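See structure below.
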Amino acid sequence: MVRGDGVDAFFGRAKLWGEELAALREVLLGAGLAEELKWGKPCYCAEGKNIAILQPMKEQLALMFFKGALLDDPAQVLEEQGPNSRSARRVVFRSVGDVEERAPAVEALVRRAIEVERAGLSVEAPAELALVEELEQWLGHDPAHRVAFEALTPGRQREYHLHVSGAKQAATRQRRVEQVAPRILAGKGLRD
């Protein structure tokens, strides 16, 4: 159990889910994980590898396992993050009672997640991304555009593709490309 610098401040200023966060923190630290502040949230690691991260939201508190798709889940507590999530899975909590009830399942998932990391397992790489036409045209307009886009992580590239391709009309897709172009050129993801 290693408490991370800066994480105490996160817990101290948490306005939502304070009791649930504290209870879940104890479960995770009790399972032998170290904590660090990453992406502005408490992230739990083993042997230098990210295992899970806390995600406080308005309607719920979630514990997201980075490689949750690779974990056996006999208690069936893992849920998909969303329709476009490939590897992450999360456990959702809405009360301290939920944390207490699911603590044994969370501890078992942590043990499995550590085993997955030690074994070097990873989720199968996605098929090559076929970009939406408007984004592909923008990338072909100037070599600097393509260089900036290809410097992004595959997840950020995919996120931009999903954002642009999610529009039904070509004019809206084009407008979205124009809106995100400065972020791409700055090397930032859609939500950075």
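The values are calculated or read from the model by the stated rules, or taken from the named source; none is laboratory data. Keep in mind that this is a model prediction, so the values were computed, not measured. Using ideal geometry, Cβ is built from the backbone for each residue, glycine included, and neighbour counts are taken over all protein chains shown. Note: accessible area is taken over every heavy atom of the protein model, side chains too, but ligands, DNA and RNA are not part of it. Shrake-Rupley method; radii C 1.70, N 1.55, O 1.52, S 1.80 Å.
Values for this structure:
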quantity: Failed condition for residue 147, given (1) open to solvent by less than 70 Å² (accessible area, probe 1.4 Å); (2) without any contact (Cβ under 8 Å) to a residue 40 or more places away in the chain; calculated: (1)
quantity: Qualifying positions in region 138-173 - at pLDDT below 95, in a helix (DSSP H, G or I) and among the polar types (S, T, N, Q); calculated: 157, 165
quantity: Qualifying positions in region 95-107 - touching a residue at least 60 places away in the same chain (Cβ under 8 Å) and either open to solvent by 20 Å² or more (accessible area, probe 1.4 Å) or not in a helix (DSSP H, G or I) (or both); calculated: 95, 96, 98, 100, 107
quantity: Meets criteria (within 21 Å of the chain's Cα centre (by Cα), open to solvent by 40 Å² or more (accessible area, probe 1.4 Å), over 26 Å from residue 56 (Cα atoms) and at pLDDT 90 or above) for residue 80; calculated: no
quantity: Residue 92 closer than 30 Å to residue 33 by Cβ, in contact with a strand residue (DSSP E or B) (Cβ under 8 Å, 6 or more places away or on another chain) and either assigned to a loop (DSSP other than H, G, I, E, B) or touching a residue at least 60 places away in the same chain (Cβ under 8 Å) (or both); calculated: no
quantity: Residue 113 closer than 23 Å to residue 125 by Cα, in contact (Cβ under 8 Å) with a residue 12 or more places away in the chain and either assigned to a strand (DSSP E or B) or under 17 Å from the mean Cα position of the chain (by Cα) (or both); calculated: yes
quantity: Residue list for region 83-105, restricted to those being within 21 Å of the chain's Cα centre (by Cα) and over 16 Å from residue 29 (Cα atoms); calculated: 83, 84, 85, 86, 87, 88, 89, 90, 91, 92, 93, 94
quantity: Single residue of region 174-188 satisfying the filter (assigned to a helix (DSSP H, G or I) and open to solvent by 60 Å² or more (accessible area, probe 1.4 Å)) that is nearest to residue 82 (Cα to Cα); calculated: 176
quantity: Whichever residue in region 66-77 is among the small types (Gly, Ala, Ser) and open to solvent by 20 Å² or more (accessible area, probe 1.4 Å) and, among such residues, is nearest to residue 43 (Cα to Cα); calculated: 69
quantity: Scope region 119-141; condition acidic (Asp, Glu), open to solvent by 60 Å² or more (accessible area, probe 1.4 Å) and under 21 Å from residue 170 (Cβ atoms); matching residues; calculated: 133, 136
quantity: Index of the failed condition, residue 63 passing every other in (1) open to solvent by 20 Å² or more (accessible area, probe 1.4 Å); (2) in a strand (DSSP E or B); (3) touching a residue at least 24 places away in the same chain (Cβ under 8 Å); calculated: (1)
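Condition check ((1) out of contact with any Pro (no Cβ under 6 Å at 6 or more places or on another chain); (2) among the polar types (S, T, N, Q); (3) farther than 28 Å from residue 192 by Cβ) across all residues:
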residue	(1), (2), (3)
43	yes, no, no
52	yes, no, no
62	yes, no, no
65	yes, no, no
76	yes, yes, yes
79	yes, no, no
82	yes, no, no
101	yes, no, yes
105	yes, no, yes
